[in-house]
Amino acid sequence: MRRSLRVVVVTSVVLVGLGMAPPAKVDVDGSDIKFDATISMEVDGAKVSMDCTGTGLREKYWVNVYAIASYVKSGEKVKGARGLVSSDAAKMMHLTLEREVAGDDMVAALNDAIAANYPDQFATELGKFKRYFEPKTLKAGAHVKFIHRPGKGVRCEITGYDALEIDAKKFSQAIWDIWLGAENVGDEIKDGLTSRLK
């Protein structure tokens, strides 16, 4: 125990001494998962810094399904859920699974959530989702990322698999509406995902 504590303290001192303080984390109510407050990633070949706008927890029958964090390009002026949905800046929804989810169950959940705000729309895009998710089993701890590509559409990444890109800007907005739309998967999640917006 003392040795582990010493390693943590020494590592922190070294990082601070090098001007590399450990990254700040954002908690998720009801979960042990934490997300980085600020991240850096490539979006269509450009390096982008993003800030976490908030976090949430998706539950079903009192069982944690996934923790989720929302990110938007640093410096982007966004007001509320509608502003976050409509923003064409680089942004991301990052899901970390807390239980195993079958691909066909993920497809069904996405279809239902999108149809709640956009009935009878996006047949082509949802068909691509079906072919992408259905053969997979998403293990606990897996990361699912929906990354908005400004002016283009959405990129979906799953731990251990090739990415899927869909060039449909409105469909990307429909994905954000799953959590932030008028018909969403839970107002607590919606409020949590926008809780850090200034």
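No value in this document is a laboratory result; all are computed from the given coordinates. Quick caveat, the model's predicted, so the values are computed rather than measured. Glycine also receives a Cβ, built like all others from the backbone with ideal geometry; neighbour counts cover every protein chain displayed.
With equal scatterers on the alpha carbons only and no solvent term, can you work out the Debye log10 of I(q)/I(0) for the chain at 0.09 1/Å?
-0.36
Using Cα atoms only, what is the angle between the long axis of helix 103-117 and the major principal axis of the chain, expressed in degrees (0 to 90) to the nearest 10?
70
Taking a 23 Å limit on the Cα-Cα distance, which of the listed pairs Lys79/Lys130; Lys128/Lys152; Lys34/Lys139; Lys145/Lys170; Lys47/Lys136 fall beyond it? If you can, show how the numbers build up before the last one.
Working: Lys79/Lys130 33 Å; Lys128/Lys152 16 Å; Lys34/Lys139 18 Å; Lys145/Lys170 18 Å; Lys47/Lys136 29 Å.
Listed pairs above 23 Å: Lys79/Lys130; Lys47/Lys136.
What FRET efficiency would be calculated for the residue pair Asp88, Met41, taking the C-beta separation as r and a Förster radius of 22 Å, to the nearest 0.05? Write out the running numbers ahead of the final one.
Values: r = 17 Å, r/R0 = 0.78.
Plugging the Cβ-Cβ distance into 1/(1 + (r/R0)^6) gives 0.80.
So which GluC sites (Glu not before Pro) in the stretch 63-122 are both in a DSSP loop and have at most 14 other Cβ atoms within 10 Å of their Cβ? Before the final figure, lay out each step's value.
On the way: sites: Glu76, Glu98, Glu100; in loops: Glu76, Glu98, Glu100.
Loop-located and lightly packed - Glu100.
Output the 0 to 90 degree angle, nearest 10, between the alpha-carbon long axis of helix 169-180 and the longest principal axis computed from the alpha carbons of the chain.
Its long axis makes an angle of about 70 degrees.
Which angle from 0 to 90°, rounded to the nearest 10, does the C-alpha axis of helix 2-17 make with the longest principal axis of the chain?
So the inclination is approximately 80 degrees.
Assigning unit charges at the beta carbon (Lys, Arg +1; Asp, Glu -1) and nothing else, what dipole magnitude in debye, to the nearest 20, does the chain show about its Cα centre?
Values: 28 positive and 27 negative charges, 161 e Å.
So the magnitude is around 780 debye.
List Lys47, Lys170 from most exposed to least, where exposure is judged by having the fewest other Cβ atoms within 10 Å.
On the way: Lys47 8, Lys170 11.
The order, fewest Cβ neighbours first, is Lys47, Lys170.
Please list 3J(HN,Hα) in residue order for the stretch 142-155, calculated via the Karplus relation 6.51 cos²θ - 1.76 cosθ + 1.60 where θ = phi - 60°; whole Hz, with x for glycine and proline.
5, 10, 10, 10, 10, 10, 6, 9, x, x, 10, x, 9, 10
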